[in-house]
Amino acid sequence: MRITFLGTGSAMPTGERAQTGILLEGGDRPLLIDCGSGVLNNLARTDVGYEGVSTVLLTHHHLDHVSDLLALLKARWLAGEDHLEVVGPRGTEDLVEGLLGVHDYLQGRVDPSIREVEPTDGGDVDREAFEVAGYEVRALETRHSMYCLAYRLSIPGEREPDRDPPAFAFSGDTEAFEELVEFADGSAVLAHDCSFPDGVDVDNHPTPSELGRVLAGADAELGRVYLTHCYPHTEGRHDGMLASIAEHYDGDVRFAADVRSLTVE
């Protein structure tokens, strides 16, 4: 599985980071998770390009996670690809229909299909994993100001004897809590929200000390943790943030960066 961070920023642009977007390759077809501002441009820099992305999986509907969605749909139409599958939490159908309602000249020219999904772990919902673009996906509701899902994705069949297939987990936007880290148990990579440095009074996102305590306290084994959704407040403070996490958690933690790829096997 190949993971490319297309956007690792937040709702406040830095000039260095696009808003949220992650490209996965290795399933039946490339999969884009979230599509914030700047993600379409970074996607065009990859070998996949926007022509190669026919499925988008949304964590939630805040603007910095969906603002390039309609632009992606139009770019694909101009390139001769009129179809786009959009998968996301409840309300996704209303979101896409609302966007097309604002830009009605696209109606009849593009052919989006929409599928809404529910959590498969936690809460009162107990459902089996679902399939998106050839990935087996599980979902968990996060702790954010808007209804949001975290995802754990693996490729069915990529399995060695006595070993689970490699998995990638993405927290979406959330506070840090142990159930989410345990949901990612066994993942080769966990990309987790770490929006602000210590000392910032914030809800709905974790600071490094909060995240470090939760990573250490959870009953989970993780490969590498990448920090993402970085607000401008984090610039120039990465070393201190990593040190804050390391006071509690001794695992491999790094900052994600735009248009950087890694492969997990």
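Pick out the one residue from GLY236, GLY240, GLY223 that is surrounded by fewer than 16 Cβ atoms within 10 Å (Cβ to Cβ) and at negative phi. Result: GLY240 is the single residue among GLY236, GLY240, GLY223 that is surrounded by fewer than 16 Cβ atoms within 10 Å (Cβ to Cβ) and at negative phi.
Taking segment 44-134 and the helices (runs of 4 or more DSSP H) fully enclosed by it, the elements with 1 or more residues that are within 21 Å of the chain's Cα centre (by Cα) and loosely packed, with under 12 Cβ neighbours inside 10 Å are at 63-66. Restricting attention to segment 190-204, the residues that are farther than 13 Å from ILE245 by Cβ, surrounded by fewer than 23 Cβ atoms within 10 Å (Cβ to Cβ) and out of contact with any His (no Cβ under 7 Å at 6 or more places or on another chain) add up to 4.
Could you tell me whether segment 187-208 includes any residue that is touching a Phe, Trp or Tyr at 6+ places or on another chain (Cβ under 9 Å) and without any contact (Cβ under 8 Å) to a residue 12 or more places away in the chain? For segment 187-208, residues touching a Phe, Trp or Tyr at 6+ places or on another chain (Cβ under 9 Å) and without any contact (Cβ under 8 Å) to a residue 12 or more places away in the chain: present. Could you tell me whether any residue of segment 213-234 is among the acidic types (Asp, Glu), within 26 Å of HIS60 (Cβ to Cβ), out of contact with any Gly (no Cβ under 6 Å at 6 or more places or on another chain) and at pLDDT 95 or above? No: zero hits. Might you let me know whether segment 89-110 holds any residue that is at pLDDT 95 or above, closer than 21 Å to PRO13 by Cβ and out of contact with any His (no Cβ under 7 Å at 6 or more places or on another chain)? Checked against the condition, which is being at pLDDT 95 or above, closer than 21 Å to PRO13 by Cβ and out of contact with any His (no Cβ under 7 Å at 6 or more places or on another chain), segment 89-110 yields no hits at all. In this structure, ASP203 does not qualify as in a loop (DSSP other than H, G, I, E, B), modelled with pLDDT of 95 or more and closer than 20 Å to LEU140 by Cα.
Taken as a whole, segment 123-137 holds no residue that is at pLDDT below 95 and in contact with a helix residue (DSSP H, G or I) (Cβ under 7 Å, 6 or more places away or on another chain).
Residues that are modelled with pLDDT under 95, out of contact with any Gly (no Cβ under 6 Å at 6 or more places or on another chain) and surrounded by fewer than 20 Cβ atoms within 10 Å (Cβ to Cβ) do not occur anywhere in segment 21-34. The residue that is nearest to ALA167 (Cα to Cα), among those in segment 235-265 that are at pLDDT 95 or above and of a type in the set (D, E, K, R), is ASP252.
Of all residues in segment 130-143, those that are over 21 Å from SER54 (Cα atoms) have Cβ atoms under 8 Å from Cβ atoms of residues that are of a type in the set (Phe, Trp, Tyr) and not in a strand (DSSP E or B), 6 or more apart or on another chain, in LEU140/PHE183; GLU141/TYR147; ARG143/PHE177.
The values are calculated or read from the model by the stated rules, or taken from the named source; none is laboratory data. If you're wondering where the values come from, they're calculated on a predicted model, not measured in any experiment. All Cβ positions, glycine included, derive from the backbone under ideal geometry; neighbour counts span all protein chains shown.
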